[in-house]
1. What is the residue count in the stretch 58-73 for residues that are exposed (fewer than 11 other Cβ atoms within 10 Å of the Cβ) and either under 21 Å from D2 (Cβ atoms) or among the aliphatic types (A, V, I, L, M) (or both)?
2. In the stretch 43-56, how many residues are surrounded by 11 or more Cβ atoms within 10 Å (Cβ to Cβ) and farther than 11 Å from N15 by Cβ?
3. Could you list all residues from the stretch 1-30 that are within 28 Å of D63 (Cβ to Cβ) and modelled with pLDDT under 80?
4. I'm trying to understand the selection: among the residues of the stretch 31-54, which are modelled with pLDDT of 80 or more, aliphatic (A, V, I, L, M) and more than 14 Å from the chain's Cα centre (by Cα)?
Amino acid sequence: MDKCIYCNSTDLTRNIELGLNAEVNRFGLKYKGRLSVRNVEPVVADMCNACGSITRFHIQNKDRKWIVSKNKS
């Protein structure tokens with residue numbers, strides 16, 4: 001069982017959706033969908049209920065054609 005890296009609690013809430021105050025845009029990782037339409041895969045978080053720390057950010061569907069920046073900075 002996973003534990004919080006900060007307080008060692010096992011009381012975690014998983015896959016909490018992130019959002020914006022103005023629900024106009026989605027926050028997430030960009031990928032190419034059908035017909036070259038750009039879509040966004042939502043980022044979700046796991047949180048420790050004991051100390052309130054975010055223990056992990058991740059996506060649920062990793063099998064996408066990701067749009068990668070060409071900027072090499």
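1. 4
2. Taking the stretch 43-56 and keeping what is surrounded by 11 or more Cβ atoms within 10 Å (Cβ to Cβ), we get 43-51, 53-56.
Subset that is farther than 11 Å from N15 by Cβ: 48-51, 53-55.
Of the residues in the stretch 43-56, 7 are surrounded by 11 or more Cβ atoms within 10 Å (Cβ to Cβ) and farther than 11 Å from N15 by Cβ.
3. Hits for the stretch 1-30 are M1, G19, L20, E23, V24, N25, R26, F27, G28, L29, K30.
4. Passing the criteria: only A50.
The values are calculated or read from the model by the stated rules, or taken from the named source; none is laboratory data. All of these numbers come straight from a predicted model, not from anything done at the bench. Glycine also receives a Cβ, built like all others from the backbone with ideal geometry; neighbour counts cover every protein chain displayed.
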